[in-house]
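The values are calculated or read from the model by the stated rules, or taken from the named source; none is laboratory data. This is a predicted model, so every value here is computed, not measured. Note that each Cβ is placed from the backbone with ideal geometry, even for glycine, and that neighbours are counted across all protein chains shown.
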Amino acid sequence: MFREKIQSTTRYVAIIGNPNAGKTTLFNALTGMRQKVANYPGVTVEKKEGKVIFNNGDSATLLDLPGTYSLTANSPDEKIATDILFGRTSHTPLPEFVICVVDASNLERNLYLVSQIIDHHTPLIIALNMIDAAEKSGMIVNAQKLSDELGVKVVATIANKGIGIDELKTAMQSHITVSQKARQWSLPNVVKEECRELQTILQDAHHLSEPDSFHEAIQLLTAASALNEHQDRYAPEVLEHVKKDHEHLDILGIDRQSVFIESRYEWIKHVCEISRQMKPQALETTSDKIDKVLTHKIFGFMIFIALMAMMFQAIFSWANAPMEWIGEGFTALGARVTAVMPAGDLRDLIVNGALAGVGAVVTFLPQIFFLFLFLGILEDTGYMARAAFIMDRMMSKVGLHGKSFIPMLSSFACAIPGIMATRTIENRKDRLVTMLVSPLISCSARLPVYALMIAAFIPQKKLLGFFSLPGLTLVSMYLLGLVAALTFAWIFKKTLLKGETPAFIMELPPYKLPSLKSVVMHTWERSYLFLKRAGTFILGVSIVLWFLATYPKIENATPAQQLQQSFAGQAGHLIEPVIKPLGFNWKIGIGLIGSILQREVFVSTMGTIYNIKDAKTGEANLSLRQKMHNDVDPLTGAPTFTILTAICLMVYYVLAMQCMSTVAVVHRETNSWRWPIFQIGYMTALAYGMTFIVYRVGLLLIA
Amino acid sequence: MEISPRSLSEIPVGKRVRIHQLESKPEVCNRLRELGFCENAIIRCVINGEGNLICEVCNTRVGLNHSIAQTIKVSIV
């Protein structure tokens with residue numbers, strides 16, 4: 001139903017291409033701001049659709065497919081692209097035609113994908129992109145000649161400067177056909193014969209179309225001899241024939257794996273010779289010179305660490321001033337509401353429930369903004385791929401691929417884009433291990449918790465005259481998460497998900513200056529999502545918490561007694577026996593319960609419960625951290641928080657899985673409940689165990 | 001002109017080499033071929049830093065680790 005509806009109302013077009021060919025830039029240039037799904041820093045892994053509006057007012061829906069080198073799916077990411085192109089999915093209609101983005105400076109490899117699309121009889125236009133960069137490196141590609149050779153329309157573009165976009169739009173409105181030049185590359189005769197026979201059998205047995213049978217025949221002929229992976233998919237007569245083909249070709253000494261790829265490349269070479277002029281060039285490019293330093297075994301690593309240190313330092317120092325403004329703004333707003341509204345439960349709800357809770361979280365917006373800004377710049381300059389390259393050495397020690405480092409790096413912002421970025425990892429087990437450990441990396445939602453605890457309890461001391469104690473504490477928390485993630489990756493690769501250390505093969509795109517527009521757009525989208533969550537989810541939780549902390553009302557009780565007798569207080573008391581060994585009392589218990597769904601709720605919970613309490617004792621003008629600092633147990637006089645409690649609490653937040661969104665994404669990506677449940681289990685046990693150890697050791701040190 | 005094949009990891013920086021044979025697992029070989037590391041293709045080693053190396057293939061840079069580079073047999077042209 002859905003499928004028909006889409007096709008009848010609007011044209012559906014997909015955009016495909018190699019990674020780094022400028023696909024997303026072209027997509028943005030065609031659709032402008034009319035996009036449906038945000039792109040995450042890392043890789044284009046989300047299903048992203050946009051609307052193209054033509055001069056005559058007509059429109060088409062454009063789908064941005066994940067980058068792929070070929071239609072032989074290696075990773076889940078590439079499988080999505082292939083499935084959609086072949087019309088194998090129910091969630092996405094078959095595109096009317098595709099726009100294939102070809103990087104002009106890398107014609108050979110990009111034409112490999114083009115040749116596969118042409119062979120599949122898919123209607124196609126080519127956007128010959130980045131012709132300026134190609135000319136700079138001495139390559140002039142003649143779009144007309146290329147078009148003649150391929151039998152499809154070719155439009156030259158420079159997507160980041162908006163050049164060729166109008167021509168491309170005009171071309172999209174014309175009648176797009178399949179190329180008449182399909183399969184012009186020639187296989188050795190014997191292979192061609194086998195292929196043809198197999199196609200006929202496939203068409204009969206599985207009712208495949210001619211192009212589909214061609215694709216499947218190649219897949220089967222290049223498959224490993226055992227055919228284990230294909231047992232369930234194909235009819236016995238097909239497999240029988242494939243076995244005979246394999247034997248035949250093997251006897252003739254033909255390398256079944258390479259013959260298809262090589263033959264295609266032979267044809268591509270011919271196409272390139274006709275349509276491209278090459279001028280001799282200096283061998284070493286600027287990118288190579290930069291790479292000599294940035295990927296150096298020692299300097300490269302040091303520069304990487306320095307960049308990360310700078311990033312976290314900047315997040316803290318630059319964000320300070322705007323954070324104070326936001327905090328003061330919320331305090332002023334609360335005071336204003338208090339002044340104009342009559343005293344009562346409603347005013348209490350707005351000031352001490354909603355404003356205090358949401359304000360406590362929104363204060364951290366500047367830090368989140370800077371974190372995403374930095375990651376966006378690293379991605380846009382091309383440095384992210386180098387980070388993977390440098391880190392491969394370290395990652396391979398724990399049995400993972402350098403590529404697994406990109407999801408981990410994204411997880412410093414948020415584990416959700418991090419887990420989605422694992423789709424570029426080809427090996428299923430490695431992908432699973434990366435998913436299991438990524439949430440141990442400290443994400444931006446933990447930052448508010450760390451920031452609050454550090455500001456309140458870690459003294460402002462300088463060490464060695466340069467490092468500040470609060471800064472070092474923060475770095476230690478981030479390092480603890482990273483070390484835990486790597487350790488568990490190693491453990492999982494040795495036990496649960498055994499496997500070899502994968503091969504590192506990764507394209508390193510040339511360095512470029514980051515595009516201000518796209519970096520700011522990413523950063524804004526992420527910050528907006530954070531704000532939206534604060535305005536909806538956190539607002540709701542704050543109101544519920546205010547209610548739980550205010551009722552049932554007790555006559556003539558002191559604020560402290562009132563909180564203790566409230567629903568929230570009772571719940572806190574209920575879990576106190578479990579968290580007591582970690583040095584946490586019932587008030588922290590309220591915070592822990594509240595943040596099971598989302599970590600930053602801890603901060604809003606503290607904001608709410610301390611505001612309720614202190615609004616009545618006249619301490620309302622103190623900041624949250626001062627209030628937490630002054631808080632003592634009315635019975636024993638012992639403070640609720642000490643330095644040790646603050647550290648324990650941070651350690652607990654580093655290691656515990658308190659994020660329902662992450663659980664949901666892991667469930668979706670693994671298509672099972674087994675892995676997310678396992679993840680919650682091992683992370684909670686780890687958090688509890690480590691916090692217990694830190695608390696006990698801390699007590700011994702103090703005594 | 002042709003010298004007996006060596007592995008890519010032993011090739012000095014800047015030398016252009018022709019690929020003879022890929023000796024990895026089939027799926028790794030296929031990925032390499034799709035990226036341009038086919039038999040008979042000419043590539044150049046740009047950076048070889050004890051461990052990982054960067055090669056120029058079809059005018060792009062591809063990073064490889066040492067163990068993969070060892071399975072790529074090449075000869076200097």
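Summary of computed values
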read-out: Every residue from segment B:2-33 that is among the charged types (D, E, K, R) and in contact with a Lys or Arg (Cβ under 6 Å, 6 or more places away or on another chain); value: B:R16
read-out: Residue list for segment A:212-232, filter: farther than 22 Å from B:R33 by Cβ and in contact with a His (Cβ under 9 Å, 6 or more places away or on another chain); value: A:D212, A:S213
read-out: Which listed residue, of A:A388, A:A360, A:A356, is modelled with pLDDT of 85 or more and surrounded by 20 or more Cβ atoms within 10 Å (Cβ to Cβ); value: A:A388
read-out: Options A:I298, A:I303: the member that is among the β-branched types (V, I, T), more than 13 Å from chain B (Cβ to nearest Cβ) and free of Cβ contacts under 8 Å to residues at least 40 places away in the same chain; value: A:I303
read-out: B:G14 being closer than 24 Å to A:H401 by Cα, assigned to a loop (DSSP other than H, G, I, E, B) and within 11 Å of another protein chain (Cβ to nearest Cβ); value: no
read-out: Test set (1) touching a Leu at 6+ places or on another chain (Cβ under 8 Å); (2) touching a residue at least 60 places away in the same chain (Cβ under 8 Å); (3) closer than 29 Å to B:E56 by Cα - A:T82 fails condition number; value: (2)
read-out: Scope segment A:453-475; condition buried (at least 16 other Cβ atoms within 10 Å of the Cβ) and either of a type in the set (V, I, T) or within 22 Å of A:T684 (Cα to Cα) (or both); matching residues; value: A:M453, A:I454, A:I458, A:T473, A:L474
read-out: Yes/no for B:V62 being facing chain A (nearest Cβ under 7 Å), among the aliphatic types (A, V, I, L, M) and surrounded by fewer than 21 Cβ atoms within 10 Å (Cβ to Cβ); value: no
read-out: Helices (runs of 4 or more DSSP H) contained entirely in segment A:346-415, each with at least 2 residues that are in contact (Cβ under 8 Å) with a residue 40 or more places away in the chain, away from every other protein chain (no Cβ under 13 Å) and touching a strand residue (DSSP E or B) at 6+ places or on another chain (Cβ under 8 Å); value: none
read-out: Residues of segment A:499-511 that turn out to be at pLDDT 85 or above and more than 7 Å from every other protein chain (Cβ to nearest Cβ), as a count; value: 3
read-out: Selected residue (criterion: nearest to the chain's Cα centre (by Cα)) from residues of segment A:560-589 that are at pLDDT below 85 and among the aliphatic types (A, V, I, L, M); value: A:A568
read-out: Among (1) part of a helix (DSSP H, G or I); (2) surrounded by fewer than 17 Cβ atoms within 10 Å (Cβ to Cβ) - the single one A:I80 does not satisfy; value: (2)
read-out: Some residue of segment A:142-158 being of a type outside the set (S, T, N, Q), at pLDDT below 90 and either within 24 Å of A:A81 (Cβ to Cβ) or part of a strand (DSSP E or B) (or both); value: no
read-out: Set A:T200, A:T222: member being within 14 Å of another protein chain (Cβ to nearest Cβ) and among the β-branched types (V, I, T); value: A:T222
read-out: Some residue of segment B:37-45 being farther than 18 Å from A:S263 by Cα, touching a residue at least 24 places away in the same chain (Cβ under 8 Å) and either crowded, with 21+ Cβ neighbours inside 10 Å or more than 12 Å from chain A (Cβ to nearest Cβ) (or both); value: yes
read-out: Every pair of residues 6+ apart whose Cβ atoms lie under 6 Å, when the first sits in segment A:138-153 and is surrounded by fewer than 16 Cβ atoms within 10 Å (Cβ to Cβ) while the second is not aliphatic (A, V, I, L, M); value: A:G138/A:K279; A:G138/A:Q281; A:I140/A:Q277; A:K145/A:S275; A:G151/A:S179; A:G151/A:Q180; A:G151/A:K181
read-out: Of all residues in segment A:236-281 being within 12 Å of chain B (Cβ to nearest Cβ) and among the aliphatic types (A, V, I, L, M), the one that is nearest to A:W185 (Cα to Cα); value: A:I268
read-out: Filter result for A:V544 (touching a residue at least 40 places away in the same chain (Cβ under 8 Å), more than 14 Å from chain B (Cβ to nearest Cβ) and aliphatic (A, V, I, L, M)); value: no
read-out: Matching residues in segment A:182-203 - criterion: being more than 20 Å from A:G87 (Cα to Cα) and in a helix (DSSP H, G or I); value: A:N189, A:V190, A:V191, A:K192, A:E193, A:E194, A:C195, A:R196, A:E197, A:L198, A:T200, A:I201
read-out: Unique residue being at pLDDT 90 or above and either polar (S, T, N, Q) or farther than 21 Å from B:N59 by Cα (or both) when the list is A:H91, A:H121; value: A:H121
read-out: Evaluation of A:G327 against (1) within 14 Å of chain B (Cβ to nearest Cβ); (2) in contact (Cβ under 8 Å) with a residue 60 or more places away in the chain (one fails), failing number; value: (1)
read-out: Single unsatisfied condition, A:A182 versus (1) under 33 Å from the mean Cα position of the chain (by Cα); (2) within 30 Å of A:L30 (Cα to Cα); value: (1)
read-out: Hey, A:M310 buried (at least 17 other Cβ atoms within 10 Å of the Cβ), more than 14 Å from chain B (Cβ to nearest Cβ) and modelled with pLDDT of 80 or more or not; value: no
read-out: Of the criteria (1) touching a residue at least 24 places away in the same chain (Cβ under 8 Å); (2) surrounded by fewer than 17 Cβ atoms within 10 Å (Cβ to Cβ); (3) not charged (D, E, K, R), which one B:N48 fails; value: (2)
read-out: Scan of segment A:416-434 for residues that are in contact (Cβ under 8 Å) with a residue 60 or more places away in the chain, basic (K, R) and either surrounded by fewer than 24 Cβ atoms within 10 Å (Cβ to Cβ) or outside any helix (DSSP H, G or I) (or both), ordered by number; value: A:R423, A:K429
read-out: Some residue of segment A:277-287 being exposed (fewer than 13 other Cβ atoms within 10 Å of the Cβ), of a type in the set (K, R), at pLDDT below 90 and assigned to a helix (DSSP H, G or I); value: no
read-out: Odd one out for A:K297 among (1) assigned to a helix (DSSP H, G or I); (2) under 30 Å from the mean Cα position of the chain (by Cα); value: (1)
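Conditions (1) over 22 Å from A:E266 (Cβ atoms); (2) out of contact with any strand residue (DSSP E or B) (no Cβ under 7 Å at 6 or more places or on another chain); (3) facing another protein chain (nearest Cβ under 7 Å), marked per residue:
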{"position": "B:H20", "(1), (2), (3)": "no, no, no"}
{"position": "B:C29", "(1), (2), (3)": "no, no, yes"}
{"position": "B:E34", "(1), (2), (3)": "no, yes, yes"}
{"position": "B:C55", "(1), (2), (3)": "no, no, no"}
